[in-house]
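What follows draws every value from the coordinates through simple rules; no lab data is involved. Owing to the predicted nature of the structure, the values given are computational and were not obtained by experimental measurement. Here the Cβ is made from the backbone with ideal geometry for all residues, glycine too, and neighbour counts use every protein chain on show.
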Amino acid sequence: MQYKSDVEAVDALAQAYRDLKKEIAKVIVGQDDVVKGVIIALFGNGHSLLVGVPGLAKTLLVSTISDVLDLEFKRIQFTPDLMPSDITGSEILDEDRHFRFNKGPLFANIVLADEINRTPPKTQAALLEAMQEKSVTVSGVRHILPKPFFVLATQNPIEQEGTYPLPEAQLDRFMFNIPLDYPSYEEELDIVRGTTAIKSYDLQHVVTGDQILYFQSLILKIPVADNVLRYAVALATKTRPNTGMATPKINNYLSWGAGPRASQFLVLGAKCHAAINGKYSPDIEDVQAVAKFVLRHRIVRNYKAEAEGITEEHLIETLL
């Protein structure tokens, strides 16, 4: 891709976002904030965790996004008996009696980790290297994953038998934690009309893998004003209880706050949010727009907050 200037490239990114939303809307009814969050994370080279009760089209959303992005898509259904080699791949003995690496489903551009909290920590940890280093190591040999590479994981928030909550270290690898809510009455009418009759979807490939890689590098080049940078870092710092910038509510209701990765993702997310809206530099409103997605899985409530029904979203709102 050749653009005359970075300004023209940002305009192209904003147009690509509009095209993506238009195509995704052919299949997904509503969920505008969810779609926006996932696309921002993709352009920001980050992974997303989609949290919602069954039946809210989490899996359909991910497969639809992979279709319109013209990327290789693999789905992994996480179960209690899933082993690390089932997702990374393993060495097998071929007919010539030579060991050959057989790639697992992680070797794709978009990987859907469906119900990620249903598999034990041993298999959850197999994703850590892939998400952070964009590679997997098997028998001492490092295998590079294809680019671009995204993990879009789904999780049911209802506590059930046979689930293994993700450890904080793994949650921190996700750029965004995106909640899905029930559709409105009108939206549900449209969903039922479309899914209980014969209907075909003509989805167009509107963005290629090379374009995504280009836009990811473009996001890094977008300038950020010093006051916006300071606001983002201060926002993450304020979530840390018993530190100089923590508010009384944070000290009262949180056990742990967000780490430095939150500050990085707040700035990256704000850059992407500004770019998809046709702005050439983010402002404080762009940081606030992505703050809940970035912070909600990086703060840990204490027993007092749980007893009083104080949610992560409420505490983040007090900081905004």
Task: Relative packing of peptides 3-15, 252-264, 33-45 - highest average C-beta neighbours within 10 Å first - done: 33-45, 252-264, 3-15
- [ ] Determine the relative contact order of the stretch 122-176: mean sequence separation of Cα pairs under 8 Å and six or more apart, normalised by residue count, in whole percent.
- [x] 33 percent
TODO: Of the options 169, 224, 303, report the single residue whose Cα projects farthest towards the positive end of the charge dipole of the chain (beta-carbon charges: Lys, Arg +1; Asp, Glu -1).
DONE: 224
Task: Sites residue 81 and residue 192, calculated FRET efficiency, Cβ-Cβ separation with R0 41 Å, nearest 0.05 - done: 0.70
Task: Relative contact order of the chain, defined on C-alpha pairs under 8 angstrom at six or more residues apart (%) - done: 22 percent
Task: Efficiency of FRET from Cβ geometry, residue 184 and residue 132, R₀ 35 Å, rounded to 0.05 - done: 0.40
Open item on the list: Using Cα-Cα distances under 8 Å and only pairs 6 or more residues apart, what relative contact order does the stretch 102-201 have, in percent?
Closed with: 33 percent
Open item on the list: Which chymotrypsin sites (Phe, Trp or Tyr not before Pro) in the stretch 140-239 sit in a loop by DSSP (not H, G, I, E or B) and have at most 16 other Cβ atoms within 10 Å of their own Cβ?
Closed with: 201
Open item on the list: Can you divide the C-alpha Rg of the chain by 2.2 N^0.38 Å and report the result to two decimal places?
Closed with: 1.04
TODO: Using Cα centres only, tell me the gap between the stretch 13-84 and the stretch 98-167 in whole Å.
DONE: 17 Å
- [ ] Using the Cα centre as the reference, give the magnitude of the dipole from point charges on the C-beta atoms of the stretch 6-211 (Lys, Arg: +1; Asp, Glu: -1; all else neutral), rounded to the nearest 20 debye.
- [x] 300 debye
TODO: Return the percentage of antiparallel bridges among DSSP beta bridges fully within the chain, rounded to the nearest 5 %.
DONE: 40 percent
Open item on the list: Sort 66-78, 235-247, 307-319 by packing, meaning the average of other beta carbons within 10 Å per residue, with the highest value first.
Closed with: 66-78, 235-247, 307-319
Task: Given charges at beta-carbon only (K, R positive; D, E negative), |dipole| of the stretch 166-320 in Debye - done: 660 debye
